[in-house]
Amino acid sequence: MKGLLRRLTPFAPDQSGAAAALYELGGILVICDAGGCAGNVCGFDEPRWFQSRSAIFSAGLRDMDAILGRDDKLIGKLQSAAEEIGAAFAAIIGTPVPAVIGTDFRALRRMGENRLGIPVLSIPATGVRLYDEGAAEAYVQLFETFAKEKLPPDAGVAGVLGATPLDMGRTDPGAGIDEALRAEGAGRALLYGMGAGLDEVKRASRARENIVVSPAGLPAAKYLEETFGTPWRAACPIPAALEARLGELSGRRTLVVHQQVLANAVRGRALSMGAASVDAATWFTLAPELAQPGDVRLNTEEELSQLLTAGHYDAVVADAALRPAAGEYDGLWLDAPHFAVSGRLMEP
Amino acid sequence: MSEAYSITAAALAALGPDDVPPELISGTHLIYSSPAALAFNSPGAQGFGVKRAGLAIPGSVMLLVSPGCCGRNTGALRPGGDYDGRMFYLLMDDTDIVTGRHLTKIPDAVREVCAVCKTPPTVVMLCITCVDALLGTDMDRVCRKAQAAAGVPVLPCYMYALTREGRLPPMTSVRQTVYSLLQKRPRQSDACNITGYFSPLRDDCELYALLRRAGVRQIRELSRCQTFDEYLTLAEANFNLVLDPESRVAASDLEERLGIPSVELTRLYQLDKIENQYRLLGQVLGVELDDREPKERAVQALDALRDAYPGAVFAVGECANADPFELSLALCRWGFGVSEIYGTVSAANFPYLRQLARLSPETKIFSNLHPTMLYYKETPCAAAIGRDAAWYHPHSPSVLWAEERQPFGYAGAQALLEALLAALGGKDAV
């Protein structure tokens, strides 16, 4: 049955992706929920939350707030919080409750900006979509709102889009990603939202190129290309612990299941190390411009086991949490943790 | 403002329960999300939320019918644990959350779930969330249809965060649900149930021995039931002991349906109040409960802590197996100090607060949930008690006091005092 999970647990939702994209940027983040969603976003999907304090809040909606659509009350609470703690911007992130009652997020944004006098982003996440969609929406609104000025390109700077712990499996800013990209000739890599803050976002037009490390960064890269003419390319460093094992794929027919950009990176490296063939599959965004023939977007648990059988794969690179959905597959399995799937961080 | 809001015990007691400052009332402001507030924002993230609680019936499985986000944190219930193979999800899509179309899929989903279980489930708990609260779903009807389709009992579990301060909050409702399969049986005069928690009392709790000496030989707890048949024997109790106010509705239901009366006891740390409570329980049972030995052990633990660390000052949080105001009062009455309390203030706390205001008027009271807690600055204390207090005091010894085996009575107080002694002495905190 479509939508029935018998062996897997749900993946990170869109509100978690939106919060992850904005987490380090110094704004007030309000999860528009009754409490449980904020708890999940922070307690399960945001590993940085345990390391440092952050201005992330639940709207604390109650049944009558939802039934009566008390947007003014929410904005009033947000205004009080903004006065008490100060912030460069605010972001209101949706959940199932506003989705059900049809909250007008554009109106919330306008009301918020009028009352607070600071930029307000509003991300209409619903909780039924996946993290990459929420992160993508947040990145686009972020650059639309703050990257206004066209600056001369700086040949030594590259922007990095789509880097959150949900995709990178790391919490430390840079996390070795900048070194890896520098080694590829990218210059100084600015990971927006993971080390590079709001000031860097405002100066995003100076980047000589943008590097998309996960599909969540793709719409923003296209926006920056259209707006400032900044070219983009997709690349993602492979975690060293995983790369060290890719030699085991030599001669094997391999399926990589991960976020698409990392899956592509693993494919390239594995083929160069002698893998017989490599296909990519993902539960998340499968961008046509990054896909190769044979790549697949997975929608149900059954599709994974069917794909493994039909493709006659004898090696899989994927988060071990997906193993229960692999049916009778008994070939090689290289564990590639994906935080958005299992909540596990990668080994460096 | 760059300071966390707080109010002294004296000032708060003077204001009274009808004039609690809005900073201490969660509905008036955004809810700050920090690890100290996790138990509020995501009750299931630590301890028991609706999902774990709903699986309290032996052999049960749960089908969570919701947007994916609502089931996200169940990934924390790692494979190989008690919940392995017991959680299933029917994920809603964009159309479902507006039209309620998902409801038509539930009977087939329940059938599929039963088909993949290695042994037939004793009951399928259908857990629904805020979406169905807003859609006004008639879950009793949905459960009846699913039950007819699957041939196993199907019960509703309401994970309605929107109603957490309403008449029937989720954790109250689920306590009622997990006893709802009990059917009337002849009551046995030597049997009782201990209700209120989803995990057992500490094995060393004197309540077991006191009840046995009073002739109650069959002391049952839902969390100790290994099989469904054992679960069904809960209906044979002569009376229920209710240790958590959130079980009052369940107890009332059991009295109405099965004729089992209940007696409510409170978890306390003030030793004289524990003694008084047992005296009253004895009167209800028609016996005198001899609690001298366990009390003496608790007194010895208190003396040991007082001798080693006279006047030690603690910070006390609400993410612990204690009412932070009652525990703070106990500590102050024992001659210790309490510098700060992190708690949710309600009218029920004011009897403790008023006494605390007399003994320790300068004790500061914070709300974990207020936005200004972003600016909380650690102040020195001998030890922090509670998960939240420990989060605020990373440089002090701490006793989390949040383990699943529930402390109660003298044994609970004794264990806490011993844990504090160990923590202050630099040994591993509990």
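Conditions (1) in contact with a Lys or Arg (Cβ under 8 Å, 6 or more places away or on another chain); (2) more than 30 Å from B:Gly386 (Cα to Cα), marked per residue:
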| site | (1), (2) |
| --- | --- |
| B:Phe40 | no, no |
| B:Lys51 | no, no |
| B:Ile57 | no, no |
| B:Leu64 | yes, yes |
| B:Asn73 | no, no |
| B:Asp93 | no, yes |
| B:Ile97 | no, yes |
| B:Leu103 | no, yes |
| B:Val124 | no, yes |
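A single entry from B:Gln183, B:Gln218, B:Gln226 fulfils the requirement of being away from every other protein chain (no Cβ under 14 Å), at pLDDT 95 or above, touching a Cys at 6+ places or on another chain (Cβ under 8 Å) and surrounded by fewer than 18 Cβ atoms within 10 Å (Cβ to Cβ): B:Gln218. For segment B:2-35, a residue qualifies if it is polar (S, T, N, Q) and at pLDDT 95 or above, and the qualifying residues are B:Ser6, B:Thr8.
Scanning segment B:364-411 for residues that are assigned to a strand (DSSP E or B) and buried (at least 22 other Cβ atoms within 10 Å of the Cβ), we see that the one that is nearest to the other protein chains (Cβ to nearest Cβ) is B:Phe366. Taking segment B:98-129, which residues are in contact with a helix residue (DSSP H, G or I) (Cβ under 8 Å, 6 or more places away or on another chain) and either of a type outside the set (A, V, I, L, M, F, W, C) or outside the structural domain of B:Tyr83 (by TED's automatic domain parsing) (or both)? Of everything in segment B:98-129, those that are in contact with a helix residue (DSSP H, G or I) (Cβ under 8 Å, 6 or more places away or on another chain) and either of a type outside the set (A, V, I, L, M, F, W, C) or outside the structural domain of B:Tyr83 (by TED's automatic domain parsing) (or both) turn out to be B:Gly100, B:His102, B:Pro107, B:Asp108, B:Arg111, B:Pro120, B:Pro121, B:Thr122, B:Thr129.
Count of segment A:209-229 residues, restricted to those that are touching a Ser or Thr at 6+ places or on another chain (Cβ under 7 Å) and outside any helix (DSSP H, G or I), is 2.
Counting just the residues of segment B:139-151 that are over 17 Å from B:Ser173 (Cα atoms) and crowded, with 20+ Cβ neighbours inside 10 Å, which one comes out farthest from the other protein chains (Cβ to nearest Cβ)? If we take residues in segment B:139-151 being over 17 Å from B:Ser173 (Cα atoms) and crowded, with 20+ Cβ neighbours inside 10 Å, then B:Val142 is farthest from the other protein chains (Cβ to nearest Cβ).
Taking B:Ser339, is it free of Cβ contacts under 8 Å to residues at least 60 places away in the same chain and either of a type in the set (Val, Ile, Thr) or closer than 20 Å to B:Ala13 by Cα (or both)? It is true that B:Ser339 is free of Cβ contacts under 8 Å to residues at least 60 places away in the same chain and either of a type in the set (Val, Ile, Thr) or closer than 20 Å to B:Ala13 by Cα (or both). Per the conditions (1) more than 8 Å from every other protein chain (Cβ to nearest Cβ); (2) out of contact with any Ser or Thr (no Cβ under 8 Å at 6 or more places or on another chain), the sole criterion not satisfied by A:Ala59 is (1). The one condition from (1) in a loop (DSSP other than H, G, I, E, B); (2) surrounded by fewer than 22 Cβ atoms within 10 Å (Cβ to Cβ); (3) among the hydrophobic types (A, V, I, L, M, F, W, C); (4) modelled with pLDDT of 95 or more that B:Leu421 does not meet is (1).
Restricted to segment B:97-116, and to residues there that are within 8 Å of another protein chain (Cβ to nearest Cβ) and β-branched (Val, Ile, Thr), the residue that is farthest from B:Tyr231 (Cα to Cα) is B:Val98.
Counted as qualifying within segment A:59-135 are the helices (runs of 4 or more DSSP H) with 3 or more residues that are under 18 Å from A:Ala18 (Cα atoms) and out of contact with any His (no Cβ under 8 Å at 6 or more places or on another chain), namely A:96-101, A:105-116. Number of residues in segment B:7-33 that are out of contact with any His (no Cβ under 9 Å at 6 or more places or on another chain), surrounded by fewer than 24 Cβ atoms within 10 Å (Cβ to Cβ) and under 18 Å from A:Ile28 (Cβ atoms): the value is 1. Evaluation of B:Val178 against the conditions (1) of a type in the set (A, V, I, L, M); (2) surrounded by fewer than 17 Cβ atoms within 10 Å (Cβ to Cβ); (3) under 26 Å from B:Val116 (Cα atoms) shows that the sole unmet condition is (2). Here is the figure for segment B:121-137: residues that are at pLDDT 95 or above and in a loop (DSSP other than H, G, I, E, B) total 2.
Annotation for segment A:163-172: at least one member residue is surrounded by fewer than 21 Cβ atoms within 10 Å (Cβ to Cβ), outside the structural domain of A:Ala66 (by TED's automatic domain parsing) and more than 30 Å from B:Tyr160 (Cα to Cα). If you go through segment A:9-32 and keep only what is of a type in the set (Ser, Thr, Tyr) and facing chain B (nearest Cβ under 7 Å), you end up with just A:Thr9. Test A:Val296 against the criterion of being out of contact with any Lys or Arg (no Cβ under 9 Å at 6 or more places or on another chain), closer than 26 Å to A:Val157 by Cβ, at pLDDT 95 or above and in the same structural domain as A:His338 (by TED's automatic domain parsing), and give yes or no. When the stated conditions are applied, A:Val296 does not pass them. Taking segment B:237-253 as the range and being surrounded by 23 or more Cβ atoms within 10 Å (Cβ to Cβ), more than 19 Å from B:Asp323 (Cα to Cα) and out of contact with any Phe, Trp or Tyr (no Cβ under 6 Å at 6 or more places or on another chain) as the test, the residues that pass are B:Ala237, B:Asn240, B:Ala251. Any residue in segment A:33-54 that is facing another protein chain (nearest Cβ under 7 Å) and more than 25 Å from B:Ala39 (Cα to Cα)? No, there is no match, as no residue in segment A:33-54 is facing another protein chain (nearest Cβ under 7 Å) and more than 25 Å from B:Ala39 (Cα to Cα).
Conditions (1) surrounded by fewer than 21 Cβ atoms within 10 Å (Cβ to Cβ); (2) free of Cβ contacts under 8 Å to residues at least 24 places away in the same chain; (3) facing another protein chain (nearest Cβ under 7 Å), marked per residue:
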{"site": "B:Phe88", "(1), (2), (3)": "no, no, yes"}
{"site": "B:Thr95", "(1), (2), (3)": "yes, yes, no"}
{"site": "B:Lys118", "(1), (2), (3)": "yes, no, no"}
{"site": "B:Thr122", "(1), (2), (3)": "yes, no, no"}
{"site": "B:Ile128", "(1), (2), (3)": "no, no, no"}
{"site": "B:Thr137", "(1), (2), (3)": "yes, no, no"}
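With respect to the conditions (1) of a type in the set (Val, Ile, Thr); (2) more than 14 Å from chain B (Cβ to nearest Cβ); (3) in contact with a helix residue (DSSP H, G or I) (Cβ under 7 Å, 6 or more places away or on another chain), A:Thr145 falls short on a single one, namely (3).
Counting only helices (runs of 4 or more DSSP H) that fall entirely inside segment B:164-234 and contain at least 1 residues that are under 14 Å from B:Pro58 (Cβ atoms), the qualifying elements are B:170-178, B:228-232.
The values are calculated or read from the model by the stated rules, or taken from the named source; none is laboratory data. Note that the structure is predicted; figures quoted are calculated from it, not measured. Note: ideal-geometry Cβ built from the backbone for every residue, glycine included; neighbour counts use all protein chains shown.
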